[in-house]
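As structure tokens, the structure follows; a few thoughts come after it.
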Amino acid sequence: MSSSKTSSMVAVYSGEHLFKVAGHSKITGANAFVMSDTFRVGGHDWAIQYYPNGDTRVVDGQFASVFLRLMSACESEFTASYSLCLQDPVTPATGDKYKFRFTHAVPPSMSEQVKGWGTARFVSRADLAASGCLKDDCLVIKGTVDVSKLIDDTKDDRGNIIVVPPSNLSKDLDSMLGSGLKEDLTVDVGGFRSFKAHACVLCARSPVFRAQLCNPVSAMQSTIRIEDVDARVFEALLHYMYNDRLPASMEEATQEATKMARQLLAVAHRYEVERLKLLCESKLSKALDVSLVGFALDVAEQYHCQQLKDCCLKYMAADRERLQAIIGTQGFQQLNTNHPRVVSDILAQVVAQRLGDGK
């Protein structure tokens, strides 16, 4: 007689979509709207609906309106936290304007008529003209979605359930940046590329930057230099600090996105940005295969990622032939070189786990 254990936990899935509205001035008429392509977050399809002249059922034509629409069926309850904003084309990493943030519980019985949320008073015509976001008759709206749901953590032999807490980006920080506060810090990355940023944001998001910048000696610094970090990886870190999510390019299931997750995890560890570190762990856990798992274990050991390590062990233990194949990979050889004492411990844990599962 065998028994199985089931357990549930809250998982948070995050995604981002950039909606480019071209020919903005040509969208005329009361209640005229455009819809973005659908994008998928948390197992659901979403789209951004934009009324350049406003949803006149709610407001007059002096305001643009914007809504997030749930385009797919809702089979189980979840919570959606989302934001909608304009993106400044000049400074896309730090230039969010007119950001609105909402959270809604979504029941499985939700009707088609109410599967959308947003604001009828997104931005006035006058403010839009003065914002600098409308370039060459083109506007970019950024939508971000966090889906929180209860899931069974025994479904996947990758064990790819990394618990990521919900977004913790301060609403006060949103408001402060939305007020037009100028960047006051230049970050020189290796002497090859520099980024403009707000010192207050870096201090609020990273204890390491806070110790570096928020003291009497360095308070007057207008430039800092960072070594041993790839500029693209630092740009991804900066994106997270301002948006509380991974860049859109990392949401794709590509080798490049997986490689970036490994590099970004190291930088998140260096600057003690813990939620970003968990997001990178989650990304790696979902991409586990025979060739990657050794590299992922190496990263997990180096940066103390216990959840990622557990996922790797579960993936290795699930299949005997797979385990033999993993031991011969370059990633596992790298792990053995970097952490030789750990390899024997890992194999012992895998064997114990297989015996405990009765395999």
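Since every read-out is calculated from the coordinates, none of them should be taken as a lab result. These numbers come from a predicted model, not from an experiment. Quick reminder, even Gly has a Cβ in these numbers, built from the backbone with ideal geometry, and neighbours come from all protein chains shown.
Once R0 is set to 51 Å, what does the formula 1/(1 + (r/R0)^6) return for the Cβ-Cβ distance between His304 and Ser194, expressed as a FRET efficiency to the nearest 0.05? Walk me through the numbers before you get to the answer.
On the way: r = 31 Å, r/R0 = 0.61.
With R0 = 51 Å, the Cβ-Cβ based efficiency is 0.95.
Spelling out what I want: for every residue of the range 197-207, take phi, set θ = phi - 60°, compute 6.51 cos²θ - 1.76 cosθ + 1.60 (Karplus), and round to whole Hz; glycine and proline get x.
Karplus values, whole Hz, x for Gly and Pro: 8, 9, 4, 5, 5, 4, 5, 6, 9, 9, x.
What ³J(HN,Hα) values, in whole Hz, does the Karplus curve 6.51 cos²θ - 1.76 cosθ + 1.60 give for the range 73-80 when θ = phi - 60°, with x put for Gly and Pro?
Going residue by residue, I get 5, 10, 9, 8, 5, 8, 10, 10 Hz, with x marking Gly and Pro.
Would you mind getting me the FRET efficiency between Asp37 and Ala231? Use the beta-carbon distance for r and R0 = 35 Å, nearest 0.05. Please report the intermediate quantities before stating the final value.
Working: r = 29 Å, r/R0 = 0.84.
Taking R0 as 35 Å, the efficiency between Asp37 and Ala231 is 0.75.
How much length would be gained if the chain were fully extended between Gln334 and Ala253, taking 0.36 nm per residue of separation minus their Cα-Cα distance, in nm to one decimal?
Working: separation 81, 0.36 × 81 = 29.16 nm, distance 2.37 nm.
Roughly 26.8 nm would be gained on extension.
From the residues Ala287, Leu264, Ser206, which one has its Cα farthest along the dipole of the range 200-299 in the positive direction, the dipole being from +1 and -1 charges on Cβ of Lys/Arg and Asp/Glu about the Cα centre?
Ser206
Under the rule of at least 5 residues apart or a separate chain, name every residue whose amide H is placed under 5 Å from the amide H of Asp45.
Placed amide hydrogens put Met71, Ser72 under 5 Å from Asp45.
Around Thr119, what is the net charge, scoring Lys/Arg as +1 and Asp/Glu as -1 over all other residues with Cβ under 12 Å from its Cβ? Write out the running numbers ahead of the final one.
Details: positive: Lys99, Arg101, Arg121; negative: Asp55.
Every neighbour counted, the sum reads +2.
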